1. Rolling a 1.4 Å sphere over the protein heavy atoms, what is the accessible area per residue of region 68-141, to the nearest Å²?
2. Multiply the residue separation of GLU162 and SER78 by 0.36 nm, subtract the distance between their alpha-carbon atoms, and state the gained length in nm to one decimal.
3. Note the full-extension length gain between ALA193 and ALA268 as 0.36 nm times their separation in residues minus their Cα-Cα distance, in nm to one decimal.
4. Roughly what % of DSSP beta bridges within region 1-144 run antiparallel, to the nearest 5?
5. How would you order 140-146, 252-258 from highest to lowest mean count of nearby Cβ atoms within 10 Å?
6. Could you compute the FRET efficiency for LEU108 and GLU183, with r as their C-beta to C-beta distance and R0 at 30 Å, rounded to 0.05?
7. Using R₀ = 25 Å, calculate the FRET efficiency as 1/(1 + (r/R₀)^6) where r is the Cβ-Cβ separation of SER255 and SER24; round to 0.05.
8. Counting only protein heavy atoms, what percent of the accessible surface of region 1-42 is carbon or sulfur at a 1.4 Å probe?
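The values are calculated or read from the model by the stated rules, or taken from the named source; none is laboratory data. What you are looking at is a predicted structure, and each value in this text was computed from that prediction instead of being measured. Heads up, the Cβs are rebuilt from the backbone with ideal geometry, glycines too, and the neighbour counts pull from every protein chain shown. Ligands, DNA and RNA are excluded from the accessible area calculation, which covers all protein heavy atoms including side chains. Shrake-Rupley method; radii C 1.70, N 1.55, O 1.52, S 1.80 Å.
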Amino acid sequence: MPLESCMILLDNSEFMRNGDYVPSRLGAQSDAANLVANQKTQSNPESTVGVIAMSSKGPSTGAQLLVSPTDDLGKILSALHGVPLSGELTPPGADAVDVAASVQVAALALKHRRNKNGAQRIVLFVGSPLEHATSRSLVKAGKQLKKNNVFIDVVCLGELGENEAKLRELVDAANGPSAEGVERTCHLVTIPAGVLPSDVLISSPVLRADGAGGGMGGGAAAAGAPPPGGADGFADFGGIDPNMDPELAMALRVSMEEERARQERAAAAAGAEGGDGGAASGDGP
């Protein structure tokens with residue numbers, strides 16, 4: 001995979017307490033961000049990853065740079081695990097996170113990256129409603145990314161009805177006009193409630209090995225698209241090559257198996273309750 005510098009933007013607003021994802025939006029986002037960080041750093045030894053929390057505490061609310069782009073996986077994972085909920089109330093007339101401003105901070109961090117030869121990419125996670133974000137501001141941010149040769153992948157967790165159309169405008173502006181048949185470099189991935197984001201990202205263009213330098217297929221990523229080539233071989237290990245990091249790969253595999261078992265039990269219980277209800281209704285006079 002080509003050399004790349006990547007900034008991961010995390011939504012740590014109070015909306016991330018929501019339990020429509022397992023164990024919560026914040027926890028599901030953390031797992032997915034870990035997967036992205038591992039894939040980026042393992043795909044090329046010189047690739048770097050940075051982390052930004054889009055909601056900070058105190059008077060200086062807004063995006064907070066937690067880690068500048070680095071190849072030190074320990075620092076990256078420490079930052080990802082240490083992101084707390086902001087605990088701040090959303091002021092009237094504003095969103096819990098300012099996507100356009102956060103993207104600008106990420107682009108500035110990438111501008112000062114150590115290795116200027118690699119591609120630049122932002123992976124943006126959004127799990128709070130964008131009620132006040134205007135299409136104009138998002139399109140402007142997308143065009144600015146396009147001008148500076150910065151790619152962006154957006155992962156939408158929850159609030160799909162509110163956010164999907166607006167985030168699609170951001171991604172389309174970052175892609176810019178493209179001829180028919182030309183592969184796009186920026187993507188939108190929407191995660192349905194109850195689905196593990198890491199499971200969706202494994203088979204999405206965000207983690208496809210052939211797209212890191214700007215050759216990913218598809219405009220708005222479709223969840224469930226099959227990964228190319230041999231990428232599917234690591235699906236059982238959360239997309240991580242067990243030869244590169246056996247402990248992390250095994251931990252991801254155990255976590256995924258436990259979650260599948262939990263979902264199967266929940267589905268079986270729901271089916272049993274439905275069957276009992278049908279039988280009860282049929283016992284009437």
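1. Accessible surface, normalised per residue, equals 50 Å².
2. 27.1 nm
3. The ALA193-ALA268 span can extend by a further 25.1 nm.
4. Details: 4 of 16 bridges.
Expressed as a percentage, antiparallel bridges in region 1-144 total about 25.
5. On the way: 140-146: 19.6, 252-258: 15.3.
For the peptides 140-146, 252-258, the packing ranking is 140-146, 252-258.
6. Working: r = 27 Å, r/R0 = 0.92.
Taking R0 as 30 Å, the efficiency between LEU108 and GLU183 is 0.65.
7. Computed FRET efficiency for SER255 and SER24 comes out at 0.95.
8. Of the solvent-accessible surface of region 1-42, carbon and sulfur hold 55 percent.
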